[in-house]
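A short worksheet on the structure shown next.
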């Protein structure tokens with residue numbers, strides 16, 4: 001497929017998603033529940049989301065050099081946290097870009113990517129975006145920048161309480177994010 005055909009295909013997909021979902025590249029994050037999403041690794045492994053644990057989804061473009069340092073830092077800080085998973089997800093990546101990125105990271109960091117259509121559904125439009133997702137799949141917090149403070153994530157998790165009607169963690173109403181319940 002030539003470059004021009006690829007661009008036309010991406011535009012058509014974006015327009016279709018905009019019409020179907022009612023989302024535009026400039027819309028704020030109105031996503032409240034993560035739809036069933038499948039991530040892929042370079043080795044062909046599949047990971048279905050949402051998972052049954054809290055998760056940090058770190059979406060980054062392949063040309064974001066500051067993201068590489070941030071991913072390594074976050075991986076090291078989150079790695080020991082109980083009930084918190086970390087998914088660095090390359091957006092706009094093909095197999096070749098993914099291979100080059102994979103070779104740039106330490107072997108213990110597993111990189112993921114997902115198809116363009118799913119990126120559009122999630123409202124990821126070519127810039128670094130981070131989601132904190134609850135075990136039930138609710139997007140609790142969204143950041144639109146590459147630098148994330150792990151202490152802020154830990155604070156959000158610490159402010160979670162157990163709902164008396166279920167064993168699922170639920171954030172207290174004092175959460176300041178527009179995506180909180």
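Bear in mind these aren't lab numbers, they're just calculated from the coordinates by the rules spelled out. These figures come from a predicted structure and were not determined experimentally. Every residue, glycine among them, receives a Cβ derived from its backbone with ideal geometry; neighbour counts consider all protein chains shown.
Worth pointing out:
- Report note on the peptides 138-145, 33-40: ranked by the mean count of other C-beta atoms within 10 Å, highest first, their order is 138-145, 33-40.
- Label-to-label distance for residue 107 and residue 73 is 2.7 nm, based on points extended 7 Å past Cα in the beta-carbon direction.
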